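What follows is a set of notes on a single structure, which appears directly below.
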Amino acid sequence: MRNILVSNGRGFVPGSLTVPPTASERFDRTMVLLCSWLIFGLYIDGWAHRHQQIETFFTPWHAILYSGLLAVASLVLVMLYKNRSQGYPWRSTMPVGYGLSLVGLLIFVVGGLGDLIWHEIFGFEHDLEALLSPSHLVLAFSGALMVAGPFRASWHRPDVQSHPSLSTQWPMLVSMTLLLSLFTFFTQFAHPFVETWLMQDTHRAEVYGEVFVMDAGGGRQTRLARHPARSINHPSWSVDGRRIVFALGTWKYNQSAPSDAEIYVMNADGTEQRRLTHNIGYDGHPSWSHDGSKIAFESVRDGTQAIYAMNADGSNQTRLTRGHGRHGLPSWSPDSKTIAFAAERDGATEIYAVGVNGDEETRLTTTGENGYPSWSPEGGKLAFASRRDGNWEIYVMDADGRNARRLTDEPGIDRFPAWAPDGNHIAFASNRDDNWEIYKMNAAGGLEMNLTNNPAMEDANDARPSWSSDATSIVFAATGHPRYSGFLRRALGIASILVQSALQMGLVLLAVMRWDLRFFSLTLVFALNAALNVSQAQDYDLRLVVTAALAGLVADTLVRGLKPSAAKPQAMYLFAFTVPTIYYALFFLVLMLTGGIGWSAHLWMGSIVLAGFTGWLLSYILLAALRIPQEQEHRD
């Protein structure tokens with residue numbers, strides 16, 4: 001170890017550096033900027049997974065994330081080398097507050113290797129699994145240790161000014177914001193700024209049908225039509241992209257299909273809805289021909305379910321299939337001359353093909369239970385769903401029924417394949433995540449991606465996808481049921497407010513007790529955290545960022561007026577209760593004034609009060625924890 005001169009009170013004697021150095025303000029600023037790079041990369045990668053098709057590890061989003069990590073690691077290692085070369089022992093090499101940042105870096109290296117092993121054993125994560133996977137949580141923990149370095153360093157550093165300026169405190173404040181944002185990223189499934197669907201009408205147990213359109217990566221999900229107390233199913237896009245045909249019927253809960261339904265058509269923007277069929281009973285599952293002139297559909301108008309075809313304006317409705325059994329799920333060939341369909345005959349469901357005039361019917365499958373056919377763009381193959389191997393999976397076969405090959409192999413049911421017009425992907429519906437979602441995979445199988453990520457899609461008929469002719473958009477239906485429009489949604493909404501109140505106020509109370517915060521400090525923290533959170537939602541809602549900033553201004557005003565501290569516990573209790581109360585009062589107020597909410601006064605007012613009690617309880621626990629060592633010392 002390098003020898004140095006150390007004062008012993010009477011002179012200088014040889015010694016060694018055993019006390020960790022204090023980080024300079026320049027190091028704090030550099031560290032917090034690089035950590036901001038890292039967390040920004042995390043959020044932009046999260047945004048990409050929600051809004052883009054990710055088919056490889058080597059993406060610009062991952063490049064931003066891991067380059068930020070590399071930058072933080074480089075700074076930590078440079079400081080390690082510098083202080084070690086000056087004679088500091090290993091335990092005292094990092095500046096005060098940054099030792100855990102080095103530990104976090106080491107944990108990340110070990111956790112990264114563990115994540116690779118985890119993927120080999122359990123496979124890659126989907127949807128919520130990516131946030132809750134133990135290997136990912138280890139990486140999150142290591143990231144928290146790294147980004148909290150400036151916060152810890154400032155905590156251990158004695159105040160050099162009685163009234164420090166905001167410019168002096170900003171590295172600590174940004175570090176605090178990054179730590180909070182890491183927590184909110186991994187709990188975004190329970191965050192009212194991310195899952196704003198919780199603010200929809202959930203008081204009534206009313207069934208309603210909707211049609212949505214989204215881009216091919218799952219982003220920009222936009223509602224085109226909504227019918228209360230009705231069911232909308234099986235939307236299908238015309239080849240010219242100008243119109244959408246769908247089935248609209250009356251839904252009876254716990255029934256596998258609408259009790260009656262008719263075929264409607266509307267413009268691609270949801271306007272000018274027009275009814276095409278007028279029959280007693282069920283008409284459903286419409287499919288538009290590729291030349292745009294006809295629509296095939298299934299109907300029970302003659303007492304048995306059969307395949308029909310009609311002109312695009314609803315005229316000339318003609319039955320194509322005959323015989324006993326149920327016939328449904330029609331799909332047009334690219335040349336508009338043949339319709340593939342599923343038929344249940346003699347106890348078995350198989351895929352058949354029939355000519356546009358009802359002639360030349362051919363059976364294509366002979367093994368197991370098969371259905372849901374979809375033609376490839378060139379017409380040489382058919383994607384379909386089959387239970388031949390014990391579970392409903394997506395398969396592909398030649399157009400004559402030969403050379404069937406399985407594409408998916410996941411728990412749950414995979415149905416409704418839809419071949420993209422460019423031939424590169426197949427969209428399909430699956431309930432592998434305990435509710436029906438629309439997925440996309442390569443046409444040859446693999447790289448499966450959840451596009452919808454919406455627990456409201458309860459029914460399989462909701463999740464039937466249909467591609468636009470340029471393969472850039474997908475239209476689908478969603479039916480709201482009492483199971484999701486009632487208690488569950490309300491409970492999730494309230495729980496998300498309580499969870500986020502606890503995470504936010506935990507850090508805020510620590511900061512208020514430790515530092516003399518300058519005005520705009522909490523405004524900065526609240527606004528930056530909100531800006532990151534709303535980036536994970538389907539639509540970037542600037543209203544919520546403004547709401548958070550206003551709540552931050554109120555919190556800064558309370559800090560200045562109440563001056564909460566450990567020496568003033570009553571002021572601390574009042575501050576801890578008031579801040580989350582105001583935060584979510586503004587949240588509901590802004591939503592009500594700018595678009596409305598579906599919650600009753602009982603729900604939103606009760607949620608606001610519970611948020612306040614969450615903050616109050618944290619302050620009580622924190623102050624009690626501080627008093628215990630003091631009382632113990634006094635007794636000793």
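Quick look at the values:
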item	result
Count - residues of the range 74-110 that are assigned to a helix (DSSP H, G or I) and closer than 14 Å to PRO20 by Cβ	14
Contacts under 6 angstrom Cβ, first residue in the range 408-423 being modelled with pLDDT under 95 and crowded, with 24+ Cβ neighbours inside 10 Å, partner part of a loop (DSSP other than H, G, I, E, B) and basic (Lys, Arg), 6 or more apart	PHE416/ARG464
Index of the failed condition, ASP240 passing every other in (1) surrounded by fewer than 17 Cβ atoms within 10 Å (Cβ to Cβ); (2) in contact (Cβ under 8 Å) with a residue 40 or more places away in the chain; (3) within 31 Å of the chain's Cα centre (by Cα)	(3)
Test result for GLY314, farther than 26 Å from PHE428 by Cβ and surrounded by 15 or more Cβ atoms within 10 Å (Cβ to Cβ)	yes
Candidate set: the range 399-438, residues that are within 19 Å of the chain's Cα centre (by Cα) and of a type in the set (S, T, N, Q); chosen: the one nearest to LEU382 (Cα to Cα)	SER430
Which numbered condition LEU574 fails, given (1) more than 19 Å from LEU618 (Cβ to Cβ); (2) at pLDDT 95 or above	(1)
Residue satisfying all of: in the range 464-490; in contact with a Ser or Thr (Cβ under 6 Å, 6 or more places away or on another chain) and polar (S, T, N, Q); modelled with the lowest pLDDT among these	SER485
Members of the range 105-145 found to be acidic (Asp, Glu) and at negative phi, listed by number	ASP115, GLU120, GLU125, GLU129
Which listed residue, of ALA531, ALA537, is at negative phi, in the same structural domain as LEU498 (by TED's automatic domain parsing), within 24 Å of the chain's Cα centre (by Cα) and without any contact (Cβ under 8 Å) to a residue 24 or more places away in the chain	ALA531
Flag for SER231 being assigned by TED's automatic domain parsing to the domain that holds GLY292 and modelled with pLDDT of 80 or more	no
Count of residues meeting criterion [polar (S, T, N, Q) and closer than 19 Å to TYR372 by Cα] in the range 464-478	2
Spans of helices (runs of 4 or more DSSP H) in the range 481-597 with at least 3 residues farther than 30 Å from ALA216 by Cβ	487-514, 521-534, 542-562, 569-594
From ASP313, ASP291, ASP335, residue being acidic (Asp, Glu), over 28 Å from GLY380 (Cα atoms), in the same structural domain as PHE476 (by TED's automatic domain parsing) and in contact (Cβ under 8 Å) with a residue 12 or more places away in the chain	ASP313
Residue within the range 279-291 that is β-branched (Val, Ile, Thr) and either surrounded by 15 or more Cβ atoms within 10 Å (Cβ to Cβ) or closer than 21 Å to PHE416 by Cβ (or both) present	no
Lone unmet requirement of (1) surrounded by fewer than 14 Cβ atoms within 10 Å (Cβ to Cβ); (2) modelled with pLDDT of 85 or more for SER101	(1)
Selected residue (criterion: farthest from PRO465 (Cα to Cα)) from residues of the range 344-381 that are under 32 Å from the mean Cα position of the chain (by Cα) and in a strand (DSSP E or B)	GLY371
Given (1) in contact (Cβ under 8 Å) with a residue 40 or more places away in the chain; (2) buried (at least 18 other Cβ atoms within 10 Å of the Cβ); (3) farther than 18 Å from SER236 by Cβ, number of the condition ASN442 does not satisfy	(2)
Matching helices (runs of 4 or more DSSP H) fully within the range 111-226 where at least 2 residues are buried (at least 22 other Cβ atoms within 10 Å of the Cβ), modelled with pLDDT of 80 or more and of a type in the set (A, V, I, L, M, F, W, C)	134-147, 149-156, 166-185
Selection from the range 372-391 of residues that are surrounded by fewer than 22 Cβ atoms within 10 Å (Cβ to Cβ) and farther than 15 Å from ALA427 by Cβ	GLU378, GLY379, GLY380, LYS381, ARG387, ARG388, ASP389, GLY390, ASN391
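The values are calculated or read from the model by the stated rules, or taken from the named source; none is laboratory data. For clarity, every value in this text was computed on a predicted model and none was experimentally measured. Glycine also receives a Cβ, built like all others from the backbone with ideal geometry; neighbour counts cover every protein chain displayed.
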